[in-house]
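Colleague: Just dropping this structure here.
The values are calculated or read from the model by the stated rules, or taken from the named source; none is laboratory data. Every value quoted in this text rests on a predicted model; they were computed, and no experiment measured them. A quick note on method: Cβ atoms are made from the backbone with ideal geometry, for glycine too, and the neighbour counts reach across all protein chains shown.
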Amino acid sequence: MFLIAGVSPKTTVIDNTPRRCPVCGTVRAYYKRVDHYFNLFFIPILRVKKGEPFIMCDRCSRTVNEFKEEYGSTWPDIQKTQCRHCGKTLAKDFGYCPYCGKLVARK
Ligand SMILES: [Zn+2]
Ligand SMILES: [Zn+2]
């Protein structure tokens with residue numbers, strides 16, 4: 001007998017509310033998190049690593065990290081705002097802060 005065990009990633013959708021993707025413009029970006037689970041016989045037994053939340057677009061598969069690059073280099077005119085909860089700089093398009101998950105205040 002041998003054991004089939006291992007660690008594999010599992011994507012969790014944290015918030016089902018779609019957001020506008022700043023890359024392709026469709027409202028299909030969702031707030032997700034990739035956790036790593038320990039599997040035994042392909043059944044997730046326990047979570048070994050809790051992932052960082054991020055926003056990923058279902059259409060173009062861009063993640064929020066790529067959005068940041070996009071804003072920083074090719075879209076210099078994009079309006080930035082600061083999260084009043086954690087202080088990180090984010091594009092004004094985000095209704096929720098991708099870092100701490102709180103609602104971003106609009107001025
Ligand atoms: Zn997109
Ligand atoms: Zn924040």
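Colleague: Before we move on, is Asp35 in contact with a Lys or Arg (Cβ under 9 Å, 6 or more places away or on another chain) and in contact (Cβ under 8 Å) with a residue 60 or more places away in the chain?
Modeller: No; evaluated as a whole, the condition is false for this residue.
Colleague: So which residues in region 13-65 are surrounded by 13 or more Cβ atoms within 10 Å (Cβ to Cβ), part of a loop (DSSP other than H, G, I, E, B) and among the small types (Gly, Ala, Ser)?
Modeller: Gly51
Colleague: Looking at Arg33, is it within 16 Å of ligand 2 (Cβ to nearest atom) and modelled with pLDDT of 85 or more?
Modeller: Working: within 16 Å of ligand 2 (Cβ to nearest atom): yes; modelled with pLDDT of 85 or more: yes.
Against the criterion (within 16 Å of ligand 2 (Cβ to nearest atom) and modelled with pLDDT of 85 or more), Arg33 qualifies.
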